[in-house]
Amino acid sequence: MELYLERGFEQTTVAEIANRAGLTERTFFRHFADKREVLFGGADALKQLLVGSVADAPDPVAPIEAIAKALEGAGALLQQRREMALQRQSVIDTNAMLQERELIKLASLASALADALRKRGVDDPAASLTAEAGIAVFKIAFARWINERDPAVLPEIIRKLFDDLKTVTAGGP
């Protein structure tokens, strides 16, 4: 991350990353397919966390609440790593290829959440709509959290935005 911030993503080589980490390039490639994966390596763990949370939600919980709780849990983890999240996002924001990869990651998370809802018996299009809405809330909450000078706690931002979504969809202001 330091190299990406110092030199820029495009100018940083795998050899430099490996050297800074005290590894060989061969060892680097055992852990990462390419230098982009340094930024996206945790996506599978995040997906498992979200899907597990939805799967473990009590039966009477509404699908949107199961998604909200899962995303609040992910937000709590990110809250603990705020500085790293800020750095990661600043690198992604400077590169269109990384921005595209981030969107692919979010789409994959939405798909996984929709599948988790289907396993709970939620039919489509409700499962897909709920999962996509949840990822939209998360994306907006994350952007607010990253861009505020004195940010609120990410899970609280997520909860407030879910409450706002419920108000809007119920015909409120």
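The values are calculated or read from the model by the stated rules, or taken from the named source; none is laboratory data. Being a predicted model, the structure only gives us computed values, none of them experimental. FYI the Cβ positions are ideal-geometry reconstructions off the backbone, even for glycines, and counts take in every protein chain you see.
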Could you check region 117-173 and list, in sequence order, the residues that are in a helix (DSSP H, G or I), in contact (Cβ under 8 Å) with a residue 40 or more places away in the chain and of a type in the set (Lys, Arg)?
119, 159, 166
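Looking at residue 137, is it under 21 Å from the mean Cα position of the chain (by Cα) and either closer than 20 Å to residue 53 by Cα or of a type outside the set (D, E, K, R) (or both)?
Against the criterion (under 21 Å from the mean Cα position of the chain (by Cα) and either closer than 20 Å to residue 53 by Cα or of a type outside the set (D, E, K, R) (or both)), residue 137 qualifies.
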Scan 120, 149 and give me the residue that is farther than 24 Å from residue 9 by Cβ, modelled with pLDDT of 95 or more and either of a type in the set (Phe, Trp, Tyr) or surrounded by fewer than 16 Cβ atoms within 10 Å (Cβ to Cβ) (or both).
120
If you go through region 35-55, how many residues are over 30 Å from residue 12 (Cα atoms), crowded, with 19+ Cβ neighbours inside 10 Å and within 12 Å of the chain's Cα centre (by Cα)?
1
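Outside the structural domain of residue 100 (by TED's automatic domain parsing), touching a helix residue (DSSP H, G or I) at 6+ places or on another chain (Cβ under 9 Å), small (Gly, Ala, Ser) and surrounded by 12 or more Cβ atoms within 10 Å (Cβ to Cβ): is that true of residue 21 in this structure? Spell out how you get there, then give the answer.
Working: outside the structural domain of residue 100 (by TED's automatic domain parsing): yes; touching a helix residue (DSSP H, G or I) at 6+ places or on another chain (Cβ under 9 Å): yes; small (Gly, Ala, Ser): yes; surrounded by 12 or more Cβ atoms within 10 Å (Cβ to Cβ): yes.
So residue 21 passes the test.
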